[in-house]
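Written out below as structure tokens is the structure these notes cover.
The values are calculated or read from the model by the stated rules, or taken from the named source; none is laboratory data. Given the structure is predicted, the values throughout are model-derived calculations rather than measurements. Ideal geometry is used to build each Cβ from the backbone, glycine not excepted, and the neighbour counts take in all protein chains shown. Just the protein is used for accessible areas: all its heavy atoms, side chains included, with ligands, DNA and RNA removed. Shrake-Rupley method; radii C 1.70, N 1.55, O 1.52, S 1.80 Å.
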Amino acid sequence: HAKRTGTHVATYQPDLLRQDTAVISLEADLYRAQERGELELFHQPIVHAQTRALVGTEALIRWHHPRLGLVSPAQFIPLAESTGLILTIGAWVLRQACMHLAEWHRTHPHLSVSVNLSPRQFWQPDLIGTVRDALEVSGIPPEALILEITEGVLMDIPDAEATLRALRDLGVRLALDDFGTGYSSLSYLRRFPLTSLKIDRSFMDGVTGDDQGTPENVVRAVMLLAHALGLSVTSEGVENEAQANFIRSVNGELLQGYLFSRPLPVQDLTDTFLR
Ligand code: C2E
Ligand code: CA
Ligand code: CA
Ligand code: CA
């Protein structure tokens, strides 16, 4: 295992994944992480592009590993998926996110929460029941919950359309995450009952606000396409004012990124944005 460096939170070293013993150990660690309370749900603000008012958050999981420090979800979500642990972790995330929102709703009832769903969660028999439970336990209105799915769900899950319709029938909203990084075609965008698109962060990287730049033209085209299909657009990875202003100028509805805030623990988000 990687050593912790001083009092710093060491980042998990990806090359450990190549050592079988490390993988097995990390897998065993992940099994126990939940009962030991090592998982924590952070939230990143999502703001209105015109007013910059907080409209909601995206829930993002964190793992405080006792020896490795903070392990990134990019590293342990794949492990959770391959082991099936994502089912219990995913159910926990849904419940936690809805409970956090229920608390915020006492003073800010217009807020929403977005929760990432792994394609693997669509293979379980009772995803609908899991979502319904989270809504019931927390008491939040279904339309305040946005489920973020990736293009892989639309492509690979046999009865994705029926499952997504059943979720929509519960009243929750559906966002297509990481838009532009997969294979989604126009026909998918039309066929599935989506409510919004999230333009992947990689598209924002080249955006400087240059009126005729290629990245700007691509983002503008995605906005037109999404709006033509009746979908609202959240732009991820907004890191500077030029990007935020550009998205506003092309009628992007919502913004998310370090310009506004990094993902925060619940209490920090409450203190910073909801007082
Ligand atoms: P994602 O769903 O695309 O989430 C957005 C990621 O972009 C987050 O990384 C967030 O911290 C990061 N980000 C936000 N704004 C900026 C910015 O302005 N600049 C840069 N450079 N990055 C920004 P994070 O939290 O490390 O999560 C990584 C991925 O792990 C997520 O990507 C998502 O695919 C997955 N993930 C996180 N939490 C969960 C979960 O509860 N369930 C599932 N299934 N997947 C999750
Ligand atoms: Ca997401
Ligand atoms: Ca995303
Ligand atoms: Ca992404």
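Taking a quarter of the surface of the Cα convex hull of region 137-180 gives a mean projected area of 3.5 nm². Here's the picture: charge each Lys and Arg Cβ at +1 and each Asp and Glu Cβ at -1 in the chain, and of SER232, HIS43, GLY90 the one pushed furthest to the positive end of that dipole is HIS43. When the inverse distances between all different Cα atoms of region 224-275 are averaged and flipped, the Kirkwood radius reads 12.4 angstrom.
Show ARG275, ARG220, ARG262, ARG132 ordered by accessible area, largest first, where the area counts protein heavy atoms only and the probe is 1.4 Å. Each step should come with its number before you reach the end.
Values: ARG275 195, ARG220 60, ARG262 135, ARG132 105 Å².
Most to least solvent-accessible, the answer reads ARG275, ARG262, ARG132, ARG220.
A Förster radius of 22 Å, combined with the Cβ-Cβ distance separating ALA74 from ARG262, puts the computed FRET efficiency at roughly 0.90.
Considering all projection directions equally, how large on average is the shadow of the alpha-carbon convex hull of region 179-275, in square nanometres? All intermediate terms of the calculation are to be shown ahead of the outcome.
Details: hull surface 28.5 nm².
Taking the Cα atoms of region 179-275, their convex hull projects to 7.1 nm² on average.
Which value, in Å to one decimal place, does the Kirkwood hydrodynamic radius take for region 52-194 when every pair of different Cα atoms is included?
15.9
Send over the Kirkwood Rh of the chain, from the inverse of the averaged 1/r over different Cα pairs, rounded to one decimal Å. Intermediate results must be reported in sequence, preceding the final value.
Details: mean 1/r = 0.0509 Å⁻¹.
For the chain, inverting the mean 1/r across all distinct Cα pairs yields 19.7 Å.
Computed about the Cα centre, the dipole magnitude for the chain is approximately 360 debye when only Lys and Arg (+1) and Asp and Glu (-1) carry charge, each at its Cβ.
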